[in-house]
Amino acid sequence: YDLSLFSPCKINLFLRIIRKREDGFHDLASLFQTIGFGDMLYLKLDEDASAECDSFECNMEGVPTDKTNLVIRALDLVRSKTGNDEKFFKANLVKQVPAQAGLGGGSGNAAAAMWGANELLGRPASLEELVEWSGALGSDITFFLSEGTAYCTGRGEIMTPVAPLADGTKVYIVKPDIGLSTPEVFRALKYDQLSAADPEELLDRFMRKGAIDAGADAYVNDLEQPAFDCLPQLGALKEELKGVGGFDHIMMSGSGTSIFCIGEPKDIDGFMKKFDEREGLNVFPAEFTSRKEGVWFQP
């Protein structure tokens, strides 16, 4: 393969649901952060002149490899937008990030595919164009074309890049095997129970104080309670994690079911033994990551 692209996942340091829109989507305001746990996308141009479509393979069972996959749709989008209708790609996605985790794994894969396709075609599109096109594929994809920290509004596709939070900030992702679909969580949302916190004020606190010192009440996720209503064991898991010494902040990411813990447990071995070795639970240690202008994320 000509390109090996690391595809990081994300956590939402805060996620405020603002209102339900007339199109059925929701307006939100969220601070997104990339972390160094992710997938690898291997990509090259197909040299077979008779190729009529992209070829795509993936190691994870259950991931569609047809046109419904976001990677294929992303390659298709860049091809058509740049007028390269005769060029096709070979892609191999090696996945670690689970689905229905609230980590944006599939969206990150699509962003990596857009970036990679544009590189292999000789950069016909600017980053601004990729950002503009990405909203057509899905809400979170735009974010992954940022440098790693961004304030996202609208349904998530309106991105305001902000100063990156400190690379290397430790975070532990605790993911139960059980998943939740985003629509399921939104259906359980009670509008009278939404936080009253001003997202601009939350953003200001993270920017001034950083992820560790932003304050416990800066970590707001309006989708957390509805997810716990759908899966009470998720709420119980969060309470249990709060009893672990060493973590600064603990919250569910996105629409779940991953719970992220900022900081590092005092007893790492004991923590991993208790949680990672538990049936139906996985722990992924990671840290905040970002990328430099003009280059992609590095593993």
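The values are calculated or read from the model by the stated rules, or taken from the named source; none is laboratory data. Everything numeric here is computed off the predicted structure, so don't read it as measured data. Protein only, heavy atoms only, side chains kept; ligands, DNA and RNA dropped before computing areas. Shrake-Rupley method; radii C 1.70, N 1.55, O 1.52, S 1.80 Å.
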Violating pairs (Cα-Cα greater than 27 angstrom) within the set Lys95/Lys274; Lys44/Lys292; Lys190/Lys266; Lys10/Lys292: Lys190/Lys266
For Glu287, residues with placed amide H under 5 Å, excluding near neighbours: Gly36, Phe37, Val171
Cut-off under 5 Å, modelled amide H: who pairs with Ser7 long-range: Asp39, Met40, Leu41
Solvent-accessible surface (1.4 angstrom probe) belonging to Phe25, in square angstrom, nearest 10: 100
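Run lengths n ≥ 4 of DSSP H only: what is the helix-derived mean residue ellipticity at 222 nm for the chain, with -39500 (n - 2.57) per run over all residues, to the nearest 500? Write down the numbers at each step before the final one.
Numbers: 8 runs with 83 residues, N = 299.
The helix-only estimate for the chain comes to -8000 deg cm²/dmol at 222 nm.
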GNM result for the chain, Cα springs below 10 Å: residue of Pro183, Pro265, Pro199 fluctuating most strongly: Pro183
Radius of gyration and Dmax over the Cα atoms of the stretch 1-59, both given in Å: 18.4, 50
Note, ³J(HN,Hα) from phi for the stretch 104-113, Karplus 6.51, -1.76, 1.60, rounded to Hz, x at Gly and Pro: x, x, x, 5, x, 4, 5, 5, 4, 5
Phi to ³J(HN,Hα) by Karplus 6.51 cos²θ - 1.76 cosθ + 1.60 over the stretch 232-239, Hz, x for Gly, Pro: x, 5, 5, x, 5, 5, 4, 4
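What accessible area per residue, rounded to a whole number of Å², is obtained for the stretch 199-299 using a probe radius of 1.4 Å? Please list the in-between numbers first.
Working: 4750 Å² over 101 residues.
For the stretch 199-299, the per-residue accessible area is 47 Å².
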Under 5 Å, built H, 5+ apart or other chain: amide partners of Asn221: Leu15
5 Å-binned pair-distance histogram of the stretch 260-299 (Cα, whole percent): 5, 18, 22, 16, 12, 11, 8, 6, 1
Principal axis box of the chain, alpha-carbon based, largest edge first, Å: 59, 42, 35
Unit Cα scatterers, Debye sum, the stretch 80-219: log10 I(q)/I(0) for q = 0.09, 0.16 Å⁻¹: -0.37, -1.10
Most mobile listed residue (Gly245, Gly135, Gly104) in the chain, GNM with C-alpha springs under 10 Å: Gly245
From phi via Karplus (6.51, -1.76, 1.60), per-residue ³J(HN,Hα) for the stretch 155-165 in Hz, x at Gly/Pro: 8, x, 8, 9, 10, 10, x, 10, 4, x, 6
Exposure of Cys58 as accessible area (Å², to 10), given a probe of 1.4 Å and all protein chains: 30
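Can you compute the equivalent ellipsoid semi-axes for the stretch 1-111, i.e. the square root of 5 times each eigenvalue of the Cα gyration tensor, sorted largest first and rounded to whole Å?
Square roots of five times the eigenvalues give 29, 18, 12 Å.
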Descending Cα extents along the principal axes, the stretch 146-281, whole Å: 39, 35, 25
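Could you tell me what % of all Cα pairs in the stretch 68-142 have separations over 17 Å? Before the final figure, lay out each step's value.
Numbers: 1074 of 2775 pairs.
Beyond 17 Å sits 39 percent of the P(r) for the stretch 68-142.
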Fluctuation leader among Tyr42, Tyr191, Tyr219 - the chain, Gaussian network, Cα springs under 10 angstrom: Tyr191
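Just the number, please: Stokes-Einstein D of the stretch 222-299 in µm²/s, Kirkwood Rh from C-alpha pairs, 37 °C, 0.692 mPa s.
After rounding, the answer is 233 µm²/s.
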